[in-house]
Every structure is written in C-alpha cells, then in structure tokens.
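The values are calculated or read from the model by the stated rules, or taken from the named source; none is laboratory data. Because the structure is predicted, anything quoted here is derived from the model rather than measured. Note that we place each Cβ from the backbone using ideal geometry, even for glycine, and neighbour counts take in every protein chain shown. Ligands, DNA and RNA are stripped out before the accessible areas are found, and what is left, the full protein with its side chains, is counted by its heavy atoms. Shrake-Rupley method; radii C 1.70, N 1.55, O 1.52, S 1.80 Å.
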Amino acid sequence: MASGDLPIKKIYIDSKFRRKDSVSSSNFKIDLPYTLKLGENTVFYVDDVCVPHTWHTVEQNINDKLYLRLTHNYADTDYIFTLRPQTYNGSQLASEINSQINTTVFAGNASVPAVSYNSQNQTISVSVSGFDCKILTDYELKTLTWGGTSYNKNDLQSVNELLSNNENTSTTGTVSTPVEFYLNLQPVRNIYLRSPNISSFSTIGCNGESSIIKKIPVTSNYGGMVFSTVTSGSDFLDCSKQTWKTLEFHLLDVNSNYINLHGSNVSFSLVLDKDIN
C-alpha cells in the first residue's frame, strides 16, 4: 500500500457530531467540512472502533415478546406477554416471566405458574399448574394457527433467542416435567456497521446485506466498552472514484435491528490508503 495522491489520510467519526436530521447514534449522518474526491485504487479501513455496551438484555419492540400456549382438556389458550425492557440476570428474567404469567392469566395467584432459574446449568424451567404449556418458537409463530391477540408474523420481536428456543417445534411443559430453556443473555454477538453511500457493496451479510463495512464482535458485558481495530492488511474496502461529503452509518444486529445505545455515542476512524497491487 502507498498513501500518495490521497486527499486526506484519516477521518475521525463520532456520532456526537452527527447531523441534526440523524435518527439516533446508531443511525446517523456526518458532514465533512469539505468534499473529498477519491482517486483510482483508493481503499479504506474501519479502525479504532469504540462502542459503549449500553443496550439491554431485553429491548422494547426488539425482543420483548413471549408467546405462551396453555392447554387444558385439549383446548388451547394463547397469550402474548411483553417483558419490561431492562438488563436481566437469570433469576431476574425468571421472576419477570413468572410475574407476567401470574398477573395476566391468573390474576395474581402466585402458586399457579412456576418459573425458576438454575444458576448451575444456566437454565429457566417453566410449568403451569393444571395446564400443559408451550413457549412457541418463531417457526411455529409463522406457521401455526394462533388463537390469541394478533401479531405481525414478519416482526415477531420474540424473546426466543434469549431462551435458546430456536428449534422448529416447541417442547411441552407439565408440572411433573417442566420445560427447560438454556439462557443466552447476550443477544447481540456482533454489531454490523453499514454504510449505504461509502460501501463498495463487496460484502455479503447473513441475510444478504451488501453494505456492511465492518463486523464488530461484542467483547464486553453491559456497562463496558466494545473495541475493534484492523486485524488484517487485507481488511479493506474499495472506494475508488467516490466523492465523499455526507457520510451515513448504521449500527445493526444480525437481524437488522438498530442497536439501542440509549443516548451514548460511538466513534471510529476511516483510514484511507492506496491499493498498488
């Protein structure tokens, strides 16, 4: 690589200085002080990424819906519960699910549902006295007949990934044999940084996206900071003959949901170079 004939070497991006018409600190635009005209064989790297881990275990309208089917005498009753958005540990999540079932279905009779957390094997067990119960999978929610409140099959917002309830068919729980779920309390494993106006569209994401410019592994727990740097000399994207003035960036999870940074800001660098190979 050689850095000759470049209009500038490095651009520092911070969502704190986003344009006023930006949606959020994970969906924003940056105006450069002047227009950059990039020549032939120009490439860029995304480096010095710094993202605060401020999103919750359960986020509103992202993964806060639990779909429960109770069966008694071969009759099904279906419910949708909306969990409170916050950061949970295992016992707190079990308590929230128990409280939701208890309050909505049984009017506060605490002895009816039994949702408990086992810290030794990181599981939640669920049973409901007098009923067979299922927490329906995303696949079932898109294919089975549903008798409860209607929902959008294309936007389930389900809690199933947290419960590792990812099979095609759910397991039935009874009082004698509760259904168990292994907890995954880190629903965002990677952050995908996308740009619709500087990407070379030479990447393919898990759902066919072509505007990803950086995959950022989540390496810290809630309250920490996620850092990511260039790890390979070949980790560049072409930007030959592009004109840069307004740059647009999106931070999303693998399901194309925007990362909720709750007002915190993200920063990173765009490093320009020349590909002389």
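Please give me, ordered by residue number, the GluC sites (Glu not before Pro) of the stretch 139-189 that lie in loop per DSSP and have at most 14 other Cβ atoms within 10 Å. The qualifying sites are E167. The residue among N121, T57, P33 whose Cα reaches farthest toward the positive pole of the charge dipole of the stretch 1-127, with charges on the beta-carbon of Lys, Arg, Asp and Glu, is P33.
Only the Cβ atoms of Lys and Arg (+1) and of Asp and Glu (-1) were treated as charged; on that basis the dipole of the stretch 37-85 about its Cα centre amounts to roughly 200 debye.
State the extension gain, in nm to one decimal, for the chain segment bounded by T172 and Y12, taking 0.36 nm per residue of separation less the distance between their alpha-carbons. Could you put the intermediate results ahead of the total?
Values: separation 160, 0.36 × 160 = 57.60 nm, distance 5.27 nm.
Going from the current span to full extension adds 52.3 nm.
Once C-alpha pairs closer than 8 Å and six or more residues apart are averaged by separation and normalised to the residue number of the stretch 192-258, the relative contact order reads 44 percent. Extents of the chain, taken as max minus min of Cα coordinates on every principal axis and listed largest first, are 77, 35, 34 Å. Among T87, T143, T123, the residue with the largest mean-square fluctuation in a Gaussian network model of the chain, with springs joining Cα atoms closer than 10 Å, is T143.
Of the cross-linked pairs K153/K215; K10/K37; K214/K245; K37/K214; K142/K215; K65/K215, which ones have a Cα-Cα span greater than 18 Å in the structure shown? Among K153/K215; K10/K37; K214/K245; K37/K214; K142/K215; K65/K215, the Cα-Cα distance tops 18 Å for K153/K215; K214/K245; K37/K214; K142/K215; K65/K215. Between T203 and E40, residue separation times 0.36 nm minus the direct Cα-Cα distance comes to 56.7 nm. Projecting label points 7 angstrom from Cα along Cα→Cβ for T82 and S125 puts them 3.2 nm apart. Residues in the chain average 50 Å² of solvent-accessible surface per residue, probe 1.4 Å, ligands and nucleic acids excluded.
Taken along the Cα-to-beta-carbon direction at a fixed 7 Å, the label points for F106 and S24 span 3.5 nm. All Cα-Cα separations within the stretch 114-238 were binned at 10 Å from zero, giving a P(r) of 10, 27, 28, 21, 11, 3, 0, each value a whole percent of the pairs. Taking N154, N102, N257 in turn, the Gaussian network model of the chain (Cα-Cα springs below 10 Å) assigns the largest fluctuation to N154.
The three principal axes of the Cα atoms in the stretch 14-67 give end-to-end lengths of 54, 26, 20 Å, sorted in falling order. Calculation over all alpha carbon pairs of the stretch 38-182 in 10 angstrom steps from 0 returns a P(r) of 10, 39, 30, 9, 6, 4, 2, 0 percent.
If I compute solvent accessible area with a 1.4 Å probe over the protein chains, what percent of it on the chain is carbon and sulfur? Could you put the intermediate results ahead of the total?
Working: 6490 of 13880 Å².
Answer for the chain is 47 percent, counting heavy atoms of protein chains only.
Could you tell me the calculated FRET efficiency between N152 and D31, based on Cβ-Cβ distance and R0 = 30 angstrom, to the nearest 0.05? Once rounded, the FRET efficiency stands at 0.25.
The mean sequence distance of close C-alpha pairs (under 8 Å, at least 6 residues apart), as a share of the length of the chain, puts its relative contact order at 36 percent.
Loop only by DSSP, 16 or fewer other Cβ within 10 Å of the Cβ. Give me the chymotrypsin sites (Phe, Trp or Tyr not before Pro) in the stretch 179-269 that pass, ordered by residue number.
On the way: sites: F181, Y182, Y192, F201, Y222, F227, F236, W244, F249, Y258, F268; in loops: F201, Y222, F236.
Hits after loop and neighbour filter: F201, Y222.
Most tightly packed first, judged by the mean number of other beta-carbon atoms within 10 Å of their residues, the peptides 33-39, 131-137, 44-50 read 131-137, 44-50, 33-39.
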